[in-house]
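The values are calculated or read from the model by the stated rules, or taken from the named source; none is laboratory data. Just so we're clear, the structure is a prediction, and the values are computed from it rather than from any experiment. Here the Cβ is made from the backbone with ideal geometry for all residues, glycine too, and neighbour counts use every protein chain on show.
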Amino acid sequence: MEDLNDNANTPKQRHGCVTAWLITMIVLNSIVAIIYFFASDFITDNLPDVSKPMLILLGILGVANVIFGVMLFQWKKLGFWGFIVSSIATLIINLSIGVGILQSASGLIGIVILYGVLQKKKDDVTTWENLE
């Protein structure tokens, strides 16, 4: 019985690789969102078939990914599921605007990396197990 109480009082910890990956996700998705919102003319010059509303939607998905990364920092499993949904939505949008299937599907690699990183153990407990 005392062991259960000791575990409940032990603060959650994540492996340093998990922290580094979450920070990387937050920074890169912030940059992507800023590019979609503020450099959309550059994108449409290079990809003329992409409409402004699609770029705004992709920017919103970038902001959502930042929020999902912060949620994972706060030990919320919903952040992982949100990241999956936004990645699938991005895949669909990319396919609809004419991005190749391999390039579009490569965005799903982030899900695999994120899940793998969440399996890293700290004190014999994975980050995934600590998520609420």
Any idea which of (1) over 19 Å from the mean Cα position of the chain (by Cα); (2) crowded, with 16+ Cβ neighbours inside 10 Å is the one PRO53 doesn't satisfy? (2)
Conditions (1) in contact (Cβ under 8 Å) with a residue 24 or more places away in the chain; (2) more than 30 Å from THR10 (Cα to Cα); (3) surrounded by 15 or more Cβ atoms within 10 Å (Cβ to Cβ) -> PHE83 fails only (2)
Mind telling me which of the residues GLY107, GLY59, GLY116 ends up being closer than 17 Å to THR24 by Cα and surrounded by 15 or more Cβ atoms within 10 Å (Cβ to Cβ)? GLY107
Residue check: is SER40 under 13 Å from the mean Cα position of the chain (by Cα) and in contact (Cβ under 8 Å) with a residue 12 or more places away in the chain? no
Among the residues in the range 63-79, are any exposed (fewer than 14 other Cβ atoms within 10 Å of the Cβ), out of contact with any strand residue (DSSP E or B) (no Cβ under 7 Å at 6 or more places or on another chain), outside any loop (DSSP other than H, G, I, E, B) and of a type outside the set (Asp, Glu)? yes
When VAL99 is run through (1) surrounded by 13 or more Cβ atoms within 10 Å (Cβ to Cβ); (2) over 15 Å from PHE68 (Cα atoms); (3) at pLDDT 90 or above; (4) of a type in the set (A, V, I, L, M), the failure sits at (3)
